[in-house]
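Data block below; observations after.
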Amino acid sequence: MKKILIIDDEVNVALLLSKFLTRNGFDVQTASNGNAGMEFLKNGEFNLVLCDFRLEDTDGREMLKNIKMQYPKTGVIIITGYSDIKMAVELIKMGAYDYITKPLYPDEILNTINKAIETQYALLEDMHDSEPVTHSKSKENRKVVQNGEFVFGTSRASKEILRQIDLVAPTNYSVIIIGDSGTGKEAVAKSIHMSSPRHNHPFVAMDCGSLTKELAASEFFGHEKGSFTGALYTKIGHFEMANGGTLFLDEVGNLSYDIQAALLRTVQERKVKRIGSTKEIDLDVRLIVATNENLQESIQKGRFREDLYHRFNEFSIYMPPLRDRGNDIMLLADHFLVIANHELSRNVTSFSPEVVECFMNYRWPGNIRELKNIVRRATLLTEGNEIMMKALPLEISNRMMAFDYGNNGSSTSSSPVEAPESKENRHDLKNAALEAEYETILNVLKEVNFNKTKAAEILKIDRKTLYNKMKAINLK
């Protein structure tokens, strides 16, 4: 059982959080101050510490430093009632997994905790050079699991991506990463950053696809308190946050033309000015951008500035879809199985031959992100130690049945054939309704790149209802 230590001098908060995490399968201890927390750590191993930033005898910064120095195997999440981006960046640079603000939302805190523990397991595997159960025992495969990144494998395409990362990482070139959603563009950007001389400085990721025109300038450049209606505090922009390190702009093709002009000026002059300020701040930032659009076509249609494109395109990397990466599919599936086992406290060791064949023949429209979600779901549904076809979502298993029927059954047509339905399934309205709901939610999430707020708006439900429905159909 995963062990968590909560250090918080607000007794009610600690108690509620402890009860919630205990119900979700964690072994939880609580401490009301820093000294008591360090005593708990001295007497037992913990996977994770949730530490309030303001304690009666110390603060979160000092606790983080002590924990990382004395117990490097333990992950740390800092909790605070104050939102301060500069402080968040500092704490993450010091080794915190994350920095979250009160009030705490149950689904979000649980998701953050699971990811933190997943990341900590990957680091421990790296420290001990342990070898997880996989189909392939190659050196490359172990490297994929230990890195905790989901893009690299042994296929020709993966080796070419790694070669290009090794080539461009030591430089200061701006990089465009081109590929479909879910192919691992951000993981490649992080790898470039971590292999570069800037690896000890911030890596800041920004999703341009979710930015409104009104908010974009503030997010990029920051603003001073009172500079416009609603500016209740001074905000540090992403450029300033990434100073000295790398700024990753995802879905850059979605930026408005006006913001592109302001962005070009910042990139050219290497200076940024917060909204409402007269002071210019010098920048030393490496830019990596990603897109699933054809920017050359957007230039022709007048939607993207050609001069900005050439500023970005000092080097480009193409991310192939997962279906074109051959044996990487099962290598990555093995990797996600190891993570899912840790996350869910399961001991699933392999995939059945039918599942392997299914995975290798499926088109993977959601790419690596879809593969990860399906393996996690299948691990949760599997009772034995081998993932079988019945644990896969119907959209995959039905396509495989159709593939088999078209190739081995009475039909000889080369076009997709509908899988024959059993009488029982055909007349089960409850299952049909659930499957339709699952398909609708999944398709909308894919369309908005898994932005739950946007998905809830499109589905015409509130965010909490969406979380509950995702939980009910095991969609993570």
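The values are calculated or read from the model by the stated rules, or taken from the named source; none is laboratory data. Just so it is clear, the structure is predicted and the values come from calculations on it, not from any experiment. All Cβ positions, even for glycine, are placed from backbone atoms using ideal geometry, and neighbour counts span all protein chains on display. Ligands, DNA and RNA are excluded from the accessible area calculation, which covers all protein heavy atoms including side chains. Shrake-Rupley method; radii C 1.70, N 1.55, O 1.52, S 1.80 Å.
Taking the range 1-70 as the region of interest, the helices (runs of 4 or more DSSP H) fully inside it that hold 2 or more residues being in contact with a strand residue (DSSP E or B) (Cβ under 9 Å, 6 or more places away or on another chain), within 17 Å of Thr112 (Cα to Cα) and in contact (Cβ under 8 Å) with a residue 40 or more places away in the chain are 11-23. Restricting attention to the range 322-361, the residues being closer than 22 Å to Ile161 by Cβ and touching a Leu at 6+ places or on another chain (Cβ under 9 Å) number 8. In this entry, Val49 passes the filter for residues that are in contact with a helix residue (DSSP H, G or I) (Cβ under 8 Å, 6 or more places away or on another chain), aliphatic (A, V, I, L, M) and over 28 Å from Glu219 (Cα atoms).
Just so you know, in the range 73-113 the residues that are within 22 Å of Val338 (Cα to Cα) and open to solvent by 30 Å² or more (accessible area, probe 1.4 Å) include one that is modelled with the highest pLDDT, and it is Leu110. Taking into account only those residues within the range 170-181 that are open to solvent by 10 Å² or more (accessible area, probe 1.4 Å) and not aromatic (Phe, Trp, Tyr), which is nearest to Arg369 (Cα to Cα)? Filtering the range 170-181 for residues that are open to solvent by 10 Å² or more (accessible area, probe 1.4 Å) and not aromatic (Phe, Trp, Tyr), the one nearest to Arg369 (Cα to Cα) comes out as Ser181. Right, Thr134: open to solvent by less than 30 Å² (accessible area, probe 1.4 Å), more than 25 Å from Ser218 (Cβ to Cβ) and either aromatic (Phe, Trp, Tyr) or at pLDDT 65 or above (or both) or not? No. Summed over the range 192-207, residues that are assigned to a helix (DSSP H, G or I) and surrounded by fewer than 21 Cβ atoms within 10 Å (Cβ to Cβ) total 1. Residues that are open to solvent by 70 Å² or more (accessible area, probe 1.4 Å) and part of a loop (DSSP other than H, G, I, E, B) were ranked within the range 347-391; the one that is nearest to Phe336 (Cα to Cα) is Asn347. Within the range 3-14, can one find any residue that is of a type in the set (Lys, Arg) and surrounded by 15 or more Cβ atoms within 10 Å (Cβ to Cβ)? Among the residues of the range 3-14, at least one is of a type in the set (Lys, Arg) and surrounded by 15 or more Cβ atoms within 10 Å (Cβ to Cβ), which makes the answer yes.
Picking from residues in the range 268-296 that are more than 18 Å from Val204 (Cβ to Cβ) and of a type in the set (A, V, I, L, M, F, W, C), the one that is most open to solvent (accessible area, probe 1.4 Å) is Ile275. The set of residues in the range 208-251 being among the charged types (D, E, K, R), open to solvent by 20 Å² or more (accessible area, probe 1.4 Å) and either outside any loop (DSSP other than H, G, I, E, B) or touching a helix residue (DSSP H, G or I) at 6+ places or on another chain (Cβ under 7 Å) (or both) consists of Lys213, Glu214, Glu219, Lys235, Glu240, Asp250. Scanning the range 453-470 for any residue that is open to solvent by 30 Å² or more (accessible area, probe 1.4 Å), more than 27 Å from Asp180 (Cβ to Cβ), modelled with pLDDT under 55 and among the β-branched types (Val, Ile, Thr) turns up nothing. How many residues, within the range 27-40, are closer than 22 Å to Glu343 by Cα and among the aliphatic types (A, V, I, L, M)? The number of residues fulfilling the criteria is 1.
Going by the structure shown, is Arg265 of a type in the set (Lys, Arg), open to solvent by 50 Å² or more (accessible area, probe 1.4 Å) and at positive phi? Answer is no for this residue. For the range 34-59, a residue qualifies if it is closer than 21 Å to Leu16 by Cα and more than 32 Å from the chain's Cα centre (by Cα), and the qualifying residues are Ala36, Glu56.
Take the conditions touching a strand residue (DSSP E or B) at 6+ places or on another chain (Cβ under 6 Å), assigned to a loop (DSSP other than H, G, I, E, B) and open to solvent by less than 20 Å² (accessible area, probe 1.4 Å) and apply them to Ala189. Does it pass? Against the criterion (touching a strand residue (DSSP E or B) at 6+ places or on another chain (Cβ under 6 Å), assigned to a loop (DSSP other than H, G, I, E, B) and open to solvent by less than 20 Å² (accessible area, probe 1.4 Å)), Ala189 does not qualify.
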